[in-house]
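Below is one structure, written out as structure tokens; the observations come after it.
Read-outs: derived from the displayed coordinates by stated rules, not from any lab. A quick note: this is a predicted structure, and the numbers were derived from the prediction, not measured. Here the Cβ positions follow ideal geometry from the backbone for every residue, glycine too, while neighbour counts run over all protein chains shown.
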Amino acid sequence: MLRLLVADAVAEATTVLAAAHVASPRVDAELLAAFVLALPRAKLILARFTDEQLERFRGLVRDRASRVPLQYLTGTAPFRRIEVAVGPGVFVPRPETEVLVEWGLQWLRPHPGAAVVDVCAGSGAIAASVRVEAPGATVYAVERDPAALEWLRRNVLGLGVTVVAGDATDPTVLADQDRSVDLILCNPPYVPEIGAAGLPAEVTAHDPHAAVFGGTDGLDVIRPLIGRFADLLRPGGAMAIEHDETHAYVVPTLVHADGRFTDIKLHHDLAGRPRFTTATRGSSGSGVADLRP
Ligand SMILES: C[S@@+](CC[C@H](N)C(=O)[O-])C[C@H]1O[C@@H](n2cnc3c(N)ncnc32)[C@H](O)[C@@H]1O
């Protein structure tokens with residue numbers, strides 16, 4: 001039996017994926033080959049496929065060419081120091097969210113025993129990272145979608161994260177924690193429906209719609225969450241909300257308009273795009289905004 005060099009199969013797959021407009025065809029081909037062989041990517045160069053492995057690899061390449069997310073095919077997504085299990089029904093965590101978590105971990109340094117809530121938890125990438133990187137924190141993860149909840153429960157198994165099934169905008173969800181949460185980290189659905197046409201097929205055809213889109217302007221979930229976060233946080237507690245880069249003005253303005261937050265700041269991702277807003281819960285209990293200059 002003649003075994004095909006992986007390098008040749010990868011070259012063939014790269015052509016197939018490039019023709020399907022996959023953004024990083026060579027890297028994806030190599031990662032799929034490494035997955036089939038259970039080898040690190042760096043060790044592919046002299047490896048060979050058996051007929052069975054080659055057939056499996058070509059099947060995965062066909063799926064990737066139809067724009068199934070790479071992480072759904074390999075079953076895992078890297079996120080900071082961990083790998084989370086992902087597949088159909090759950091949002092694949094993105095690198096920009098790692099920056100939001102970094103901000104949260106910096107905040108936690110002087111507050112090691114803090115109560116942290118990952119709101120809109122999806123796979124649980126944020127909650128699990130916080131437990132791994134700040135083990136003294138008490139972590140809750142709120143998610144409402146039944147399919148996502150299955151992935152979330154699997155990813156936080158054994159980590160001591162409390163999973164809360166429910167709509168995070170509902171004031172009865174986590175009501176027992178009102179005014180006692182130290183830190184909220186949130187990556188909600190926020191893509192404006194009006195921008196859907198420009199998105200890659202991986203997002204429009206495979207990421208769960210309710211995980212990505214936040215209504216026409218992208219703010220349907222963020223708007224009610226801001227007031228809910230003010231209810232949950234203790235005075236001096238903090239929050240970080242990821243948002244679309246087109247929300248650089250509107251999200252800080254909505255946070256200000258709630259009237260209960262101070263120290264409102266806009267943050268940028270590694271590509272320099274404005275991607276999340278942080279704020280501190282002030283000591284005033286009222287939600288009345290003072291928008292005077
Ligand atoms: C963009 S994904 C983020 C997932 C994860 N936090 C991450 O960063 O990879 C948004 C998640 O919020 C969930 N979600 C949307 N609206 C929600 C709501 N009102 N309450 C709780 N979860 C919600 C969706 O099901 C989805 O899993």
Spherically averaged projected area of the chain from its Cα convex hull (nm²): 16.6
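Once you charge only the Cβ atoms, +1 for Lys and Arg and -1 for Asp and Glu, what is the size of the charge dipole of the stretch 134-228 about its Cα centre, to the nearest 20 debye?
220
With the cut-off at 21 Å, report for the stretch 29-164 the share of all Cα pairs above it, as a whole percent. Before the final figure, lay out the partial values.
On the way: 4468 of 9180 pairs.
So the portion of pairs separated by more than 21 Å is 49 percent.
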Rounded to the nearest 10 degrees, what's the angle between the helix 51-65 long axis and the longest principal axis of the chain, both from Cα atoms, 0 to 90? 40
Modelled FRET efficiency - R0 35 Å, residue 209 with residue 43, Cβ distances, 0.05 increments: 0.35
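If the chain between residue 4 and residue 273 were fully stretched, how many nm would it gain, using 0.36 nm times the residue separation less the Cα-Cα distance? Write down the numbers at each step before the final one.
Numbers: separation 269, 0.36 × 269 = 96.84 nm, distance 4.36 nm.
Here the segment from residue 4 to residue 273 would lengthen by 92.5 nm.
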Stretched out fully, how many nm does the piece from residue 81 to residue 265 gain, at 0.36 nm a residue minus the Cα gap? 63.6 nm
Kirkwood-based shape ratio for the stretch 136-199, expressed as Rg/Rh from alpha carbons: 1.04
Relative contact order of the chain, pairs being alpha-carbon contacts under 8 Å that are 6 or more residues apart, as %: 13
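Quick one: of the DSSP bridges fully inside the chain, what percent are antiparallel, nearest 5? Working shown, then result.
On the way: 17 of 36 bridges.
Here the antiparallel bridges make up roughly 45 percent for the chain.
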With charges only on Cβ, +1 for K and R and -1 for D and E, what is the dipole size of the chain about its Cα centre, in debye, rounded to 20? 640
Once both label points are put 7 Å beyond Cα along the C-beta direction, the residue 154-residue 94 separation in nm becomes 2.3
What percent does the relative contact order of the stretch 46-136 come to when contacts are Cα pairs within less than 8 Å and at least six residues apart? 23
Mind checking the stretch 1-92 for trypsin sites (Lys or Arg not before Pro) that DSSP puts in a loop (not H, G, I, E or B) and that have at most 12 other Cβ atoms within 10 Å? 3, 81
Between the residues 190, 233, 200, the Cα farthest towards the positive end of the dipole of the stretch 178-264, that dipole coming from +1 and -1 charges on the beta-carbon of Lys, Arg, Asp and Glu, is from 233
Using a Förster distance of 41 angstrom, determine the FRET efficiency expected from the C-beta separation of residue 109 and residue 18, and round it to 0.05. 0.40
Using label points projected 7 Å from each Cα along Cα→Cβ, tell me how many nm separate residue 245 and residue 179, to one decimal. 4.2
